[in-house]
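Engineer: Pasting a structure below so you can have a look.
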Amino acid sequence: MSTLVLGGTRSGKSGHAEALLPADAPVRYAATARRRPDDAEWEARIARHAARRPACWTTVEEPDLVAELARGGPLLVDDLATWLTGVLDDCEAWESATPPPAVADAVATLVEAVRRCPSSPEAPCVLVSAEVGLGVVPATRAGRLFRDELGALNAALAEVCDEVVLLVAGLPLRLKPAAAT
């Protein structure tokens, strides 16, 4: 079973996603945020996330998500917005007139890996992503690129995931319920 958990900043999406997995069993936590030793605030955010994970969970930093997904669940990927930022960085897309084809290739490969991820209710795959398309039009081209690419990624993932949940003010709204078993 795969679940996509969406939400805005401080919506509770990561905490909700973590609660979907067993706290007393091994879980792989694919942490996509890239470390920035020169940014103390960023490093503190990463440390706060890591501190609340159960001791029996394994954190995989800067993971190869396709490989992690192929291993199956229980797996938590947090989050796809920072993964996409890394893809855009690596493809030097921020200043391009149009996104380089490598961006679409990376997204398509990830979506296919999610679709094929061996998971079950006992060993779920939970994905976290930011929802950034609720009306604010970014003032910069880079901001609009990110919003558009993340919106497309989220839509593609929602299509292949069994369940989609949107967190608003800490409250989960089921957008796509899991099929009855």
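Engineer: Is it fair to say Leu88 is open to solvent by less than 30 Å² (accessible area, probe 1.4 Å), in a strand (DSSP E or B), in contact with a Phe, Trp or Tyr (Cβ under 7 Å, 6 or more places away or on another chain) and closer than 21 Å to Thr9 by Cα?
Structural biologist: Judged against the criteria, Leu88 is not a match.
Engineer: Sticking with this one: Kindly provide the set of residues from the stretch 66-80 that are touching a residue at least 40 places away in the same chain (Cβ under 8 Å) and open to solvent by 10 Å² or more (accessible area, probe 1.4 Å), ordered by number.
Structural biologist: Across the stretch 66-80, the qualifying residues are Val66, Glu68, Ala70, Arg71, Gly73, Pro74, Asp78, Asp79.
Engineer: Now for a separate question. (1) touching a residue at least 24 places away in the same chain (Cβ under 8 Å); (2) farther than 30 Å from Asp105 by Cβ: which one isn't true of Leu84, the others all being true?
Structural biologist: It fails just one condition, (2).
Engineer: Quick check on my filter: what residues within the stretch 125-142 are open to solvent by less than 60 Å² (accessible area, probe 1.4 Å), in contact (Cβ under 8 Å) with a residue 24 or more places away in the chain and part of a loop (DSSP other than H, G, I, E, B)?
Structural biologist: Across the stretch 125-142, the qualifying residues are Glu131, Val132.
Engineer: For a quick check of your reading of the model, give me the residue pairs whose first member lies in the stretch 95-123 and is free of Cβ contacts under 8 Å to residues at least 12 places away in the same chain and over 21 Å from Pro63 (Cβ atoms), whose second is open to solvent by less than 20 Å² (accessible area, probe 1.4 Å) and of a type outside the set (Ser, Thr, Tyr), with beta-carbon atoms closer than 6 Å and at least 6 apart or on different chains.
Structural biologist: Pro100/Ala93
Engineer: Take the residues in the stretch 92-120 that are of a type in the set (S, T, N, Q) and within 20 Å of the chain's Cα centre (by Cα), then tell me which one is most open to solvent (accessible area, probe 1.4 Å).
Structural biologist: Step by step, filter the stretch 92-120, then rank; the result is Thr109.
Engineer: Any residue at all in the stretch 29-42 that is surrounded by 16 or more Cβ atoms within 10 Å (Cβ to Cβ), touching a residue at least 24 places away in the same chain (Cβ under 8 Å), not small (Gly, Ala, Ser) and not in a loop (DSSP other than H, G, I, E, B)?
Structural biologist: Scanning the stretch 29-42, I find at least one residue that is surrounded by 16 or more Cβ atoms within 10 Å (Cβ to Cβ), touching a residue at least 24 places away in the same chain (Cβ under 8 Å), not small (Gly, Ala, Ser) and not in a loop (DSSP other than H, G, I, E, B), so the answer is yes.
The values are calculated or read from the model by the stated rules, or taken from the named source; none is laboratory data. Keep in mind the model is a prediction, meaning the values are calculated, not measured. Because the Cβ atoms are built from the backbone with ideal geometry, glycine has one as well, and the counts that use them run over all protein chains shown. Calculation scope for accessible area: heavy atoms of the full protein, side chains included, ligands and nucleic acids excluded. Shrake-Rupley method; radii C 1.70, N 1.55, O 1.52, S 1.80 Å.
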